[in-house]
Amino acid sequence: QVQLVESGGGLVQAGGSLRLSCAASGSFFAINTMGWYRQAPGNQRELVASLTRGGSTNYGYSVKGRFTISRDNAKNTMYLQMSSLRPEDTAVYYCNALVRLGPDHVEYDYWGQGTHITVSS
């Protein structure tokens, strides 16, 4: 079983910064792509940023240039540094990981429980 635990959410004023962390624990062979998604009330869940094990990144259009994703493979932890936050960034942010449980190349999809971020204007 794999657990993903997010931390670092909260309330911040517009223009401010926050850093999210996602720590993976449990029994697994390797973690491939990790990513952050968010879901605002009434909206679909959307990609914020993703990062492959090899270091390739992908960002959602609205966060490019403001958010930075990173990971520490040795610690099985991923981060999201968020700057210049806007009220429209308000959402529940979810950690996602594609995990190999064994030496085969089958990936399993895991999600964290989500952390709330509220950006006040």
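The values are calculated or read from the model by the stated rules, or taken from the named source; none is laboratory data. It should be emphasised that the depicted structure is a prediction, and the values quoted were computed from it without experimental measurement. Using ideal geometry, Cβ is built from the backbone for each residue, glycine included, and neighbour counts are taken over all protein chains shown. SASA here: full protein model, heavy atoms, side chains in, ligands and nucleic acids out. Shrake-Rupley method; radii C 1.70, N 1.55, O 1.52, S 1.80 Å.
Taking the numbered list (1) surrounded by fewer than 16 Cβ atoms within 10 Å (Cβ to Cβ); (2) on the phi < 0 side of the Ramachandran plot; (3) over 12 Å from the mean Cα position of the chain (by Cα) in turn, T90 passes all entries but (1). Scanning the stretch 9-50 for residues that are modelled with pLDDT of 95 or more, open to solvent by 30 Å² or more (accessible area, probe 1.4 Å), part of a loop (DSSP other than H, G, I, E, B) and within 13 Å of M82 (Cα to Cα) returns A14, G15, S17. Within the stretch 93-121, restricting attention to residues that are under 12 Å from the mean Cα position of the chain (by Cα) and polar (S, T, N, Q), the residue that is farthest from S70 (Cα to Cα) is Q113. Residues of the stretch 25-67 that are closer than 17 Å to V2 by Cβ, among the aliphatic types (A, V, I, L, M) and more than 11 Å from the chain's Cα centre (by Cα): A30, I31.
Please tell me if Q113 is part of a loop (DSSP other than H, G, I, E, B) and either open to solvent by 20 Å² or more (accessible area, probe 1.4 Å) or of a type in the set (F, W, Y) (or both). Here the answer is yes, as Q113 does meet what is asked.
Looking only at residues in the stretch 64-83 that are in contact with a Lys or Arg (Cβ under 9 Å, 6 or more places away or on another chain) and farther than 22 Å from G26 by Cα, the one that is most open to solvent (accessible area, probe 1.4 Å) is Q81.
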